[in-house]
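Following: one structure in structure tokens, then a few remarks.
The values are calculated or read from the model by the stated rules, or taken from the named source; none is laboratory data. From a predicted model like this one, the values you see are computed outputs, not experimental measurements. Note that each Cβ is placed from the backbone with ideal geometry, even for glycine, and that neighbours are counted across all protein chains shown.
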Amino acid sequence: MNSSSETAPLPPAVSFVAKSGTGKTTLLEKVIAELKQRGWRIGVVKHDAHRFDIDHPGKDSHRFTAAGADTMLISSPAKLAMVKQHAESPPVEALIATYFRDVDLVLTEGFKMSSLPKIEVHRAGHNPALICRGEQHDPTLIAVASDEPLDLDVPLLDLNDPVAVAGFVEQYFLGGAKKA
């Protein structure tokens, strides 16, 4: 990284949390598209509690990793990908500080145990109890996106209106001023 990106301020970040199958990814992809349309630079971090692999047997990148490379980066004119071996998953805050200083906002999927502000995705009939307002009261919850009315101490957003969810995120974290 060059020195200007190392000294750039950290962008704000918000984590979309929910139980699996609730629609986090669907909502998030629509919010990303809306924020991009408004002119913002968006970073995304996806939490995966399981083992994932972007390398595929037979490809050079996989061969380098299999040979023992601790860090392997593949770059093209359009994008890059990095495989970095580690003993445990780094905190999301460290990932943001290291890789996302060149964006206006970082959206994460998952990381329900982090200290990041959270928007919980709730779908009627799928998960009756909220994660952040169930047995635990998570003080970092800033809103709930739901498809049913709920009595909450935070704003209730319409799960089926990603434009409104993007507007809430923009206003809350970016001051609401469209760049585009």
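Listed values, structure above:
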quantity: Hits in region 98-108 - residues which are outside any strand (DSSP E or B) and either touching a helix residue (DSSP H, G or I) at 6+ places or on another chain (Cβ under 7 Å) or within 17 Å of VAL14 (Cβ to Cβ) (or both); calculated: TYR99, PHE100, ARG101, ASP102, VAL103, ASP104
quantity: Qualifying residues in region 4-46 (those that are among the acidic types (Asp, Glu) and at pLDDT 95 or above) - the one nearest to PRO128 (Cα to Cα); calculated: GLU29
quantity: Candidate set from region 47-79 (those that are surrounded by 15 or more Cβ atoms within 10 Å (Cβ to Cβ) and farther than 22 Å from GLU93 by Cβ); member that is modelled with the lowest pLDDT; calculated: ASP55
quantity: Residues of region 115-141 that turn out to be within 12 Å of ALA13 (Cβ to Cβ) and surrounded by fewer than 19 Cβ atoms within 10 Å (Cβ to Cβ), as a count; calculated: 3
quantity: Restricting region 79-97 to residues that are in a helix (DSSP H, G or I) and in contact (Cβ under 8 Å) with a residue 12 or more places away in the chain, the residue that is nearest to SER61 (Cα to Cα); calculated: LEU95
quantity: Of residues in region 78-98 being among the hydrophobic types (A, V, I, L, M, F, W, C) and within 15 Å of the chain's Cα centre (by Cα), the one nearest to ASP48 (Cα to Cα); calculated: VAL92
quantity: Residue check, LYS30 in contact (Cβ under 8 Å) with a residue 60 or more places away in the chain, part of a helix (DSSP H, G or I) and within 18 Å of the chain's Cα centre (by Cα); calculated: yes
quantity: Residue that is surrounded by the most Cβ atoms within 10 Å (Cβ to Cβ) [pool: residues in region 33-46 that are touching an Asp or Glu at 6+ places or on another chain (Cβ under 9 Å) and part of a helix (DSSP H, G or I)]; calculated: LEU35
